[in-house]
Amino acid sequence: MRRIWEPGASVDTWSDVRDGWPHEHMDLFGRSQGSGTFLEFTQKVNGEPGAIREDYEHSADLAQVAHWAAEAPYSLAFMGVGNYLAAPEEDRNRVTTLPVNGVAPDRESVVSGRYPLGRELYVYVSREALEKNPAVEEYVRHLLEHGQEIVPRAFFYPLSDDAYAQARARLDERVLGPR
């Protein structure tokens with residue numbers, strides 16, 4: 001993937017990646033620079049957040065990237081699971097998710113951390129906001145209590161039971177910073 005996505009990459013066809021693959025132009029699509037998916041993907045694939053070739057089509061529109069990939073038979077795209085799951089069924093049926101190092105990007109492998117390109121989404125709350133506004137704590141507790149039901153409605157995979165329990169304990173103890 002690095003050969004395809006790194007800054008200045010000269011890969012233009014699938015056969016540029018591997019002999020025997022089609023000599024077809026590779027249309028490249030992905031998320032825009034303001035996206036957490038963009039930053040995580042470029043960090044994991046190219047070793048630096050934001051490091052990527054310039055000649056790919058990108059969009060902040062959640063359904064657009066999946067649509068582009070569905071329309072171009074020799075395309076390669078990176079998008080968050082939300083992009084894929086939120087796309088119209090017609091587009092999802094024409095896009096194939098790809099395993100990385102033999103691990104498919106399904107719910108179990110993403111939640112367990114085995115899928116190497118998965119990422120977690122975080123909610124950050126300041127201690128000051130928690131102390132000054134009881135509604136903030138009420139909201140966060142509701143999210144942590146019902147997140148496994150809420151998150152799929154927004155086209156994301158929920159965290160594990162343990163992760164929610166750990167987050168509730170951190171909230172109770174007012175532990176700041178990353179885990």
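The values are calculated or read from the model by the stated rules, or taken from the named source; none is laboratory data. Owing to the predicted nature of the structure, the values given are computational and were not obtained by experimental measurement. Every residue, glycine as well, gets a Cβ built from its backbone with ideal geometry; the counts of neighbours run over all protein chains shown. When the accessible area is computed, the model is the full protein with side chains, heavy atoms only, and any ligands, DNA or RNA have been set aside. Shrake-Rupley method; radii C 1.70, N 1.55, O 1.52, S 1.80 Å.
Rounded to the nearest 500 deg cm²/dmol, what is the calculated helix-only ellipticity per residue at 222 nm for the chain, with -39500 (n - 2.57) per DSSP H run of length n ≥ 4?
It lands at -12000 deg cm²/dmol.
I'd like the carbon and sulfur percentage of the solvent accessible area for the chain, probe radius 1.4 Å, heavy atoms only, ligands and nucleic acids excluded.
C and S atoms contribute 50 percent here.
With labels modelled as points extended 7 Å from the Cα through the Cβ direction, what inter-label distance (nm, one decimal) is found for Glu24 paired with Glu145?
5.2 nm
In what sequence, highest mean first, do 146-157, 77-88, 107-118 appear when ranked by Cβ atoms within 10 angstrom?
Peptide ranking by packing, descending: 77-88, 107-118, 146-157.
Among residues other than Ala9 whose Cβ falls under 13 Å from its Cβ, what is the net charge (Lys/Arg +1, Asp/Glu -1)?
-2
Treat the chain as a sphere of radius equal to its Kirkwood radius over Cα pairs and apply Stokes-Einstein at 20 °C in a medium of 1.002 mPa s; give the translational diffusion coefficient in µm²/s, rounded to a whole number.
Once the numbers are plugged in, D ends up at 118 µm²/s.
What accessible area per residue, rounded to a whole number of Å², is obtained for the chain using a probe radius of 1.4 Å?
I get 63 Å² per residue for this part.
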